[in-house]
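A.B. asks: This is the structure I want to talk about, given as structure tokens.
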Amino acid sequence: MRLSFAATAFFLTLPFAAPVRAQDVAIRAGLAIDGHGNAMPNAVIVVRGNRIVSVQSAPPTGARVIDLSRFTVLPGLIDGHVHITNHFESRGERRSLTALHGARTARTLLQSGFTTVRSLGSPDYADVDVRDATADGLIPGPRLLVSGPGIADEDAPGVDGDEVKKGVRPADEARMRALVRERATAGVDWIKIFATRSSRAGGAAVYSQEQLDWAVDEARLLKKPVAAHAHSAEGARRAVLAGARTVEHGATLDEDVVRLMIDRGAYLSPNLYLAEYYLEHGDKFGYTKEALDWTAKLLPARTDVFAKAVRTPLKIIFATDANSGWIWSGNTAIELDRRVAAGQSPKDAIISATSRAAEALLVSDSVGNLEAGKLADIIAVSGNPLTDITALHRVVFVMKNGEILKNR
């Protein structure tokens with residue numbers, strides 16, 4: 001049906017209502033700590049929509065005030081290494097069920113104050129599904145960066161790996177590049193490669209320098225950053241020379257590799273607590289005595305490497321490698337306790353889990369700090385983590401992207 005000229009004229013002459021700006025939200029903090037560890041007593045963080053618009057001393061007129069004056073307010077925390085879909089007894093299950101386990105973990109991580117998380121390793125790209133479901137608002141969870149399955153000796157035999165020792169031919173350039181392209185096509189954010197064996201197998205190097213060069217170069221062409229699982233100094237050295245952005249774990253790094261990482265601008269993404277968890281729950285994982293012996297042997301070594309590294313200019317980010325059981329416990333902040341006990345200052349620990357982690361993960365333009373223009377990822381904790389790092393266990397408020405998802 002066509003409108004008459006008169007009817008059309010009537011609609012065209014109706015006055016348009018002026019757009020109404022969404023009400024600002026003013027978060028009143030007893031103490032705010034920004035992503036650089038700076039303390040700001042009695043700060044007010046003003047949020048408009050999903051962004052921080054200012055940090056000031058008083059709420060603006062007309063703003064909705066959220067009174068967190070009894071608490072400490074910080075940027076949402078960032079964990080640089082988890083396995084979001086891992087759980088016990090997952091062998092052979094359908095991808096849909098794996099993703100549902102990831103959904104449970106995503107919610108727990110968010111409630112624990114982690115609003116951005118990098119998941120490095122998930123079977124059949126189930127982490128891609130969890131990432132997309134979270135981004136679409138289908139499930140609550142942190143902002144996810146994912147790698148899908150890591151490139152490992154089993155599907156791309158390394159020159160120094162176990163498969164070659166069994167008589168399998170090492171992966172050539174075509175194979176290494178093809179596996180990177182496969183992951184990029186599946187929609188991952190990061191490429192993960194196992195430059196060394198697991199710590200439970202001693203952590204020795206797997207891939208040659210040439211093999212790592214091929215893989216990292218292909219990732220560069222596809223604009224995908226690389227995270228290299230690397231325990232041994234030699235494996236880490238090769239990965240850094242190839243151009244890996246982050247070195248995961250680094251249990252037995254030496255001074256030369258630390259210096260190389262500093263020179264090349266690479267980030268260390270270590271973890272201290274997980275070895276304790278493995279030793280306590282080895283039976284649930286089905287680990288052999290030999291594997292647990294290696295875990296016990298490398299536990300003091302990785303703590304010693306970390307303790308020395310925090311006294312250098314090496315850029316260290318917060319990461320847990322949290323997986324089955326522990327990851328959905330809501331207690332991943334225990335990793336921060338271990339780091340401070342090993343010699344990291346509480347201030348640097350906070351920086352490592354906010355602005356520095358955002359920088360390493362290439363998301364510093366949007367998260368990692370309390371400043372105008374950043375996404376409104378904001379948490380509050382009971383206590384002052386600058387003097388008591390365990391305060392980060394006591395999360396009472398979580399806002400992600402301007403949406404309040406926890407408020408006790």
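Values in this text are rule-based calculations from the coordinates and carry no lab data. As the structure is a prediction and not an experimental result, all values here were calculated from the model. Positions of Cβ are generated from backbone atoms using ideal geometry, with glycine treated the same way; all protein chains shown enter the neighbour counts.
A.B. asks: Taking the Cα centre as origin and putting +1 on Lys and Arg beta-carbons and -1 on Asp and Glu beta-carbons, what dipole magnitude results for the chain, to the nearest 20 debye?
C.D. replies: Working: 49 positive and 47 negative charges, 238 e Å.
That gives the chain a dipole magnitude of about 1140 debye.
A.B. asks: Between H281 and V396, what is the label-point separation in nm under the 7 Å Cα-to-beta-carbon projection?
C.D. replies: 2.9 nm
A.B. asks: Using alpha-carbon pairs under 8 Å, 6+ residues apart, how would you state the relative contact order of the chain in percent? Intermediate results must be reported in sequence, preceding the final value.
C.D. replies: Values: 909 pairs, mean separation 76.1, N = 408.
Rounded, it is 19 percent for the chain.
A.B. asks: Kindly give Rg over Rh for segment 139-264, based on alpha-carbon atoms, with the Kirkwood expression for the hydrodynamic radius. Intermediate values should be presented prior to the final figure.
C.D. replies: Working: Rg = 14.1 Å, Rh = 14.5 Å.
Expressed as Rg/Rh, it is 0.97.
A.B. asks: Which of the trypsin sites (Lys or Arg not before Pro) found in segment 219-293 are in a DSSP loop and have at most 15 neighbouring Cβ atoms, other than their own, within 10 Å?
C.D. replies: Details: sites: R220, K223, R237, R238, R245, R259, R264, K284, K289; in loops: K223, R245.
For trypsin sites (Lys or Arg not before Pro) across segment 219-293 that sit outside H, G, I, E and B with at most 15 neighbouring Cβ atoms in 10 Å, the list reads K223.
A.B. asks: Would you please put 213-219, 316-322, 141-147, 95-101 in order of how densely packed they are, using the mean number of other Cβ atoms within 10 angstrom per residue and starting with the highest?
C.D. replies: 316-322, 141-147, 213-219, 95-101
A.B. asks: Hey, fewest Cβ within 10 Å first, where do T288, T108, T72, T115 land in order?
C.D. replies: Details: T288 11, T108 19, T72 23, T115 27.
Taking fewest neighbouring Cβ atoms as first place, the list is T288, T108, T72, T115.
A.B. asks: Where Lys and Arg each count +1 and Asp and Glu each count -1, what net charge lies around R169 among other residues with Cβ under 11 Å from its Cβ?
C.D. replies: Values: positive: K166, R175; negative: E163, D172.
Every neighbour counted, the sum reads 0.
A.B. asks: Next question, about the same structure. Once mean projected area of the Cα convex hull in nm² is worked out from the coordinates, which option in [x] 22.1; [y] 25.2; [z] 24.2 does it equal?
C.D. replies: [y]
A.B. asks: In addition: Taking the DSSP beta bridges in the chain as the whole, what percent of them are antiparallel, to the nearest 5? Walk me through the numbers on the way to the answer.
C.D. replies: Working: 26 of 57 bridges.
Roughly 45 percent of the DSSP beta bridges within the chain come out antiparallel.
A.B. asks: If you don't mind, another one. So how do S198, S112 line up by other beta-carbon neighbours within 10 Å, fewest first? Working shown, then result.
C.D. replies: On the way: S198 15, S112 24.
Going from sparsest to densest Cβ surroundings: S198, S112.
A.B. asks: Let me have the 222 nm mean residue ellipticity of the chain computed from DSSP H runs of 4+ only, each contributing -39500 (n - 2.57), with the sum over all residues rounded to the nearest 500.
C.D. replies: Working: 13 runs with 140 residues, N = 408.
-10500 deg cm²/dmol, from helical runs alone.
A.B. asks: On a 0 to 90° scale, report how tilted helix 255-264 is relative to the longest principal axis of the chain, with both axes built from alpha carbons and the result rounded to the nearest 10.
C.D. replies: Roughly 40 degrees between the two axes.
A.B. asks: Using the basic label-point model (7 angstrom from Cα toward the beta carbon), what is the E255 to E154 distance in nanometres?
C.D. replies: According to this spin-label approximation, the distance is 4.0 nm.
A.B. asks: Right, next: State the answer as a single residue: which of P300, V247, V367 lies farthest towards the positive end of the charge dipole of the chain, with beta carbon charges of +1 for Lys and Arg and -1 for Asp and Glu, about the Cα centre.
C.D. replies: Farthest towards the positive end: V367.
A.B. asks: I've got another one for you. Using mean Cβ contacts within 10 Å as the protection proxy, how do 183-191, 132-140 order, highest first? Mind showing how you got there, number by number?
C.D. replies: Numbers: 183-191: 19.6, 132-140: 15.0.
Top of the packing list down: 183-191, 132-140.
A.B. asks: What is the fewest-to-most order of T61, T332 by other Cβ atoms lying within 10 Å of their Cβ? The partial results should precede the final answer.
C.D. replies: Working: T61 6, T332 28.
The most exposed by this proxy come first: T61, T332.
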